[in-house]
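Okay, so here's the structure we're looking at.
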């Protein structure tokens, strides 16, 4: 058998929290060089003039779910990631940017509340799924965008070394 297990896992410390602090989005076609090993991306550059765009998120308004999808009958396995975010306040600028997001295959870097950066849509890209712009009826109701992005890959999301982030959020040279 070629898929031999290599380790077990003990109980981890209770020092992790849920939630997403920020996401970064760019078009999949902007990827230039990506080097990874054992689940960690150690080198990552974009094409000249391209960058990831930053989206700050309000605490407890974003989540991701990474599903391991297997088929015993077909002998297949793939990974499906779904990212749900809320962007507060509707605006023309956000409306226009969301139109562009909807038209592209994307790469998304997710900064979780533990300080880890995860790359979604590394090979096949992430797509905007049915999402909505909302305004409730009461003064205290939500006004903004509820977005869902989805990616299907042949491997789990990889962690992006944090030292790479500053060079990815400025136009590549």
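Would you confirm, using the coordinates I've provided, whether residue 122 is within 22 Å of residue 170 (Cβ to Cβ), assigned to a helix (DSSP H, G or I), modelled with pLDDT of 95 or more and within 20 Å of the chain's Cα centre (by Cα)?
Criteria not met by residue 122.
Yes/no per residue for (1) touching a residue at least 60 places away in the same chain (Cβ under 8 Å); (2) assigned to a strand (DSSP E or B); (3) touching a strand residue (DSSP E or B) at 6+ places or on another chain (Cβ under 9 Å); (4) surrounded by 13 or more Cβ atoms within 10 Å (Cβ to Cβ):
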| site | (1), (2), (3), (4) |
| --- | --- |
| 34 | yes, yes, yes, yes |
| 41 | yes, yes, yes, yes |
| 44 | yes, yes, yes, yes |
| 48 | yes, no, yes, no |
| 51 | yes, no, yes, yes |
| 64 | no, yes, yes, yes |
| 67 | no, yes, yes, no |
| 81 | yes, yes, yes, yes |
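Can you tell me which residues in the range 125-139 are out of contact with any helix residue (DSSP H, G or I) (no Cβ under 9 Å at 6 or more places or on another chain) and either assigned to a strand (DSSP E or B) or within 17 Å of residue 85 (Cβ to Cβ) (or both)?
Answer for the range 125-139, where residues must be out of contact with any helix residue (DSSP H, G or I) (no Cβ under 9 Å at 6 or more places or on another chain) and either assigned to a strand (DSSP E or B) or within 17 Å of residue 85 (Cβ to Cβ) (or both): 129, 130, 132, 134, 135.
Exactly one condition in (1) surrounded by 15 or more Cβ atoms within 10 Å (Cβ to Cβ); (2) within 21 Å of residue 69 (Cα to Cα); (3) touching a residue at least 40 places away in the same chain (Cβ under 8 Å); (4) over 11 Å from the mean Cα position of the chain (by Cα) is not met by residue 128; state its number.
With respect to (1) surrounded by 15 or more Cβ atoms within 10 Å (Cβ to Cβ); (2) within 21 Å of residue 69 (Cα to Cα); (3) touching a residue at least 40 places away in the same chain (Cβ under 8 Å); (4) over 11 Å from the mean Cα position of the chain (by Cα), residue 128 is out only on (3).
The values are calculated or read from the model by the stated rules, or taken from the named source; none is laboratory data. Note that the structure is predicted; figures quoted are calculated from it, not measured. Every residue, glycine as well, gets a Cβ built from its backbone with ideal geometry; the counts of neighbours run over all protein chains shown.
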